[in-house]
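Beneath this line is the structure, given in structure tokens, with notes to follow.
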Amino acid sequence: MKNLKTIAIALFVAAAGISVNAQTKKIDVKASTIKWVGKKVTGEHSGTVNFKEGAVVFKGKKLTGGSFTVDMTSLTATDLTGEYQGKLNGHLKADDFFGTDKFPTAKLVFKTIGAKATDIYTVTADLTIKGITKPVTFDITVKGNTATTAFKVDRTKYDIKYGSGNFFEGLGDKTINDDFELTVALKF
């Protein structure tokens, strides 16, 4: 019986040591940013979308995890103003694109993280948009209480096919690129 208590205490101490080593840091959703760029044959549009919540996980100084929820209803174009901005925002939030009434959030969850260089990690994560989850891979740079990354997402993998030359013929100069670009800056 004494050995059982000793083993139980040892396991408790070991588990406590593991949890002390892993540190979860919530992001500052007001100071963290997501900028997007969508391109088409005749130009491009750019804008922002806001975080709803998120956190990064460290073991010592090493990045070991991350999970983020994006408020898709905050999606807005910043390269337009007035009526044109309203029309584009409405279209991006409609079912043709992100369907924000039905899918108000998107999620990104880190799955694997490998050290690439000092302060730079290669992350493979599950990205969920419109209820569809697909893997994305990107490099992220972590310095102090900030992290930055930029990567492309193929929107057609998330059933966003509007204006895609891969799905519709005869679009001409109305063709919209399948990839959109994201630039993310995290503060935690």
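The values are calculated or read from the model by the stated rules, or taken from the named source; none is laboratory data. Since the structure is predicted, the reported quantities are computational estimates derived from the model, not experimental observations. A quick note on method: Cβ atoms are made from the backbone with ideal geometry, for glycine too, and the neighbour counts reach across all protein chains shown. The area values use the complete protein model at the heavy-atom level, side chains included, leaving out ligands, DNA and RNA. Shrake-Rupley method; radii C 1.70, N 1.55, O 1.52, S 1.80 Å.
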Helix axis angle, 82-93 relative to the chain longest principal axis, alpha carbon, degrees: 60 degrees
Determine the per residue accessible area of the chain with all protein chains present and a 1.4 angstrom probe, expressed in square angstrom. 60 Å²
Of the trypsin sites (Lys or Arg not before Pro) in the range 67-160, those whose Cβ has at most 16 other Cβ within 10 Å and which sit in DSSP loop: 102
With a 1.4 angstrom probe the carbon and sulfur portion of accessible area for the chain, in percent, totals 55 percent
Under 14 Å from a point 7 Å along the Cα-to-Cβ line of residue 107: which residues of the range 130-156 have their amide N that close? 130-135
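Of 153, 41, which has the most accessible area with a 1.4 Å probe, and how do the rest follow in descending order?
Working: 153 0, 41 95 Å².
Putting 153, 41 in descending order of accessible area: 41, 153.
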Excluding residues fewer than 8 positions from residue 116 in its own chain, the lysines with Cα under 16 Å of it are 61, 62, 143
By how many degrees, 0 to 90 and rounded to 10, does the Cα axis of helix 2-21 deviate from the longest principal axis of the chain? 40 degrees
